[in-house]
Amino acid sequence: MSTTVTRPAAPSKARRTAKAAARRETTAASSGVVLTLLLISTAYFLFPLWWLLVSVTKPFGRQFSGSGLWFDGFGLFDNLSRLTAQSDGIFWRWMLNSVLYCGIGALGATLMSAMAGYLLAKYEFRGKGALFGAVLAAVLVPKILFTLPLYLMFSEVGLINNPLAVLLPSIVSPFGVYLARVFAAQAVPGEVIEAGRLDGAGEFRIFRTIALPMMLPALVTIFLFQFVEIWNNYLLPAMVLGDDRLQPVTVGLVGWNAAHGVAVPASLVVVGSLVSVVPLIVAFLALQRFWRAGMTAGAVK
Amino acid sequence: MTTTLSAADPAAPPRQEARPPRRRRRETALTKRTLLLFGGPFVALFAAMYIAPIVYATVSSLYVVKRSGLGLTAPTKEFDPLHNFAQAFGDHDFLAALGRVGLFAVVQVPLMLGLALGLALLIDAKSARGKGFFRLASFLPYAIPGVSAALVWSFMYSSGSSPINNLLEPLGIQIPFFSGGSVLWSVANIVTWSWTGYNMIIIYSALQLIPGEVLEAAKMDGASALRIAWNIKIPAVRGSLVLTAVFSIIGSAQLYNEPTVLQPISGGSVSSTFTPIMSAQSAVAAGNYHYAAAQSVILAVAVGVLSFVFFKLTNRGDKA
């Protein structure tokens with residue numbers, strides 16, 4: 001089908017032609033089977049999210065009645081104001097905590113990963129192999145295993161109930177270093193660094209003004225993945241933060257849920273669950289092309 | 001870029017001198033400063049947050065706190081390297097937790113990766129439409145934090161109002177999500193839901209790297225789509241499958257969020273020692289830090305050995 005491409009300057013036209021050719025080559029039966037299977041799997045992946053979306057719009061208290069799959073009255077705004085009213089608006093405090101922990105943690109991790117990854121990709125030094133080996137090993141050890149010893153260490157140095165106990169482990173990302181190294185090796189040509197040196201620029205200036213912009217797609221990926229990872233990390237904040245005004249939203253919601261609908265209505269947990277996942281879904285949708293490129297770089301090498 | 005710097009390395013063989021020695025010395029100093037500037041912050045925090053906890057846990061697991069029978073004297077910390085490990089290997093709850101997670105991994109990981117591979121092949125198929133939509137729809141659950149996903153599914157499962165059982169009611173089927181025999185698979189379903197799309201994207205990316213000519217040639221030879229998938233595409237994504245399998249095995253060992261969220265509504269099916277991490281955490285809650293540390297060490301070693309064995313086994317196939 002590549003023969004139909006006459007002008008390389010029109011890639012979209014070429015792709016459309018290829019697509020049409022692919023369609024002609026397949027039978028209606030095979031595309032029917034493929035489509036059916038894909039629709040079944042998509043129903044599985046979207047079912048709980050659809051239920052959540054529908055439930056949040058139902059009038060308060062009716063979240064668990066009815067089929068759960070279709071709208072039934074409208075109570076979205078009432079639900080949100082009840083969420084805000086519960087325990088003096090602590091829910092929004094939790095959201096803010098989550099955004100701060102994840103934002104600061106991911107930003108720090110991205111910056112450190114960029115520098116360490118660039119160092120590993122572009123310089124020769126003694127101990128380089130050992131450092132990279134340690135980073136790789138750390139990627140492979142279950143992160144949750146560090147949590148209990150960290151909790152014990154933090155209690156010995158008095159860091160319990162201190163946001164630093166959540167932030168410090170968050171800004172170290174071995175996977176980020178690995179990804180930054182792979183990407184720096186591919187995307188930052190040695191000649192450009194050499195040219196910067198000949199112009200008399202210092203190593204850090206070369207990194208900041210030349211290498212960093214070139215590594216940007218990988219850095220967005222590292223930021224996003226670290227953001228999600230910190231948001232996902234439940235055990236560490238649950239152990240080190242006893243004060244509920246310091247907790248992230250995940251720990252807060254599980255605390256509400258464990259109250260069995262006695263202290264906090266179960267409907268409120270449903271509403272809070274939906275609100276708490278909105279920022280992450282928006283981030284993923286907005287940054288699609290970055291995480292896809294990043295996952296490919298991390299997976300193939 | 002590496003050549004100028006390796007010239008400054010004292011271990012490097014002497015090169016034909018193109019530069020005066022003064023410049024070489026300056027570069028050496030520069031390298032050390034650069035090294036510290038770029039790598040210093042990461043190495044310092046990496047040591048504090050990754051290496052120190054391992055050392056701490058390992059050392060801590062070798063000690064035992066001894067209290068006198070009446071509790072009149074202060075407890076003493078004693079070096080007794082085998083005590084905690086002997087206790088762990090005689091602890092039925094901990095061993096049951098290890099076995100449970102082992103069973104979980106053996107069933108859930110192949111199931112999830114099979115699903116991910118199937119999805120990737122379907123979306124990659126020539127007859128697929130709306131590839132972007134299907135790719136995103138299956139990946140969306142990954143964007144939901146583990147705890148939130150478990151909360152949402154706990155609403156799906158909860159006995160009085162389960163929307164799934166509501167749907168199945170007319171058929172006369174009710175799934176006992178929280179019975180002792182099925183609660184592990186209820187957890188497995190949440191994990192599968194969360195991670196299939198993530199693994200699918202990795203496998204799908206590998207599929208995109210197969211040269212078009214190879215697929216075209218196979219087609220010319222009259223190979224069917226299924227045959228091409230079996231003989232060309234699946235072998236081509238083998239590396240990605242091994243990678244996702246290792247990460248999934250590691251993920252199974254960390255099983256904590258989902259069972260913990262289901263615990264309060266499970267009616268006792270999810271015990272406080274349901275998984276090894278939960279078991280270690282309940283040892284911490286009981287104040288037995290040294291025993292918790294020993295459990296962590298055992299789990300870490302088990303995971304390391306399993307990943308290594310899995311790598312070895314799958315690599316042997318490559319050489320043959």
For chain B, built as a Gaussian network whose Cα springs stay under 10 Å, the top-fluctuating residue of B:Asp221, B:Asp124, B:Asp91: B:Asp221
Theoretical FRET efficiency, 1/(1+(r/R0)^6), r = Cβ-Cβ of A:Leu140 and B:Lys77, R0 35 Å, to 0.05: 0.65
Projected label distance in nm at A:Arg289 and B:Ser224, using a 7 Å step from Cα toward the beta-carbon: 4.0
Averaged over B:302-311, number of beta-carbon atoms from partner chains that fall within 10 Å: 1
Mean accessible surface per residue for the range B:192-320, computed with a 1.4 Å probe while every protein chain stays in place, in Å²: 44
Listed residues B:Tyr50, B:Tyr63, B:Tyr157, most fluctuating in chain B (Gaussian network, C-alpha, under 10 Å): B:Tyr50
Residue (of B:Ser148, B:Met220, B:Ala96) at the positive-pole extreme of chain B, dipole from beta-carbon charges: B:Met220
In the range B:83-121, chymotrypsin sites (Phe, Trp or Tyr not before Pro) in a DSSP loop with at most 12 other beta-carbon atoms within 10 Å: none
Solvent-accessible surface ranking, highest first, for B:Trp193, A:Trp50 at 1.4 angstrom: A:Trp50, B:Trp193
Kirkwood-type radius of the range A:125-266, with distances r between different C-alpha atoms, in Å: 18.2
Inter-probe distance in nm under a simple model that places probes 7 Å from Cα toward Cβ, at A:Leu53 and A:Ala130: 5.4
Distance histogram in 5 Å bins (all Cα pairs of the range B:182-318, percent per bin): 2, 9, 13, 14, 15, 13, 10, 8, 6, 4, 3, 2, 1, 0
Kyte-Doolittle at least 1.6, axis length at least 15 Å by Cα - qualifying DSSP helices, chain A: A:28-57, A:128-140, A:266-286
Nonlocal Lys pairs with alpha-carbon distance under 27 Å, chain A (8 or more apart, or different chains): 4
Buried area at the A-B interface (accessible, heavy atoms, 1.4 Å probe, summed, Å²): 8900
Under the span-like rule (Cα at least 24 Å along the axis, Kyte-Doolittle mean at least -0.5), DSSP H helices of chain B: B:21-46, B:92-124, B:183-207, B:289-319
Proximal aspartates and glutamates to B:Lys66, defined as alpha-carbon separation beneath 18 angstrom and excluding residues fewer than eight positions away on the same chain: B:Glu78, B:Asp80
Whole-angstrom gap from the range B:246-261 to the range A:59-128, using each part's C-alpha centre: 20
Once exposed loop trypsin sites (Lys or Arg not before Pro) are cut out (DSSP; at most 16 other Cβ, 10 Å), longest piece of chain B: B:130-320
Residue of A:Ser87, A:Ser276, A:Ser55 that the Gaussian network model of chain A assigns the largest fluctuation, springs spanning Cα pairs under 10 Å: A:Ser87
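The values are calculated or read from the model by the stated rules, or taken from the named source; none is laboratory data. Since the structure is predicted, the reported quantities are computational estimates derived from the model, not experimental observations. Please note: Cβ atoms are built from the backbone with ideal geometry, for glycine as well, and neighbour counts cover all protein chains shown. Surface areas here come from the heavy atoms of the whole protein model, side chains and all, with no ligands, DNA or RNA. Shrake-Rupley method; radii C 1.70, N 1.55, O 1.52, S 1.80 Å.
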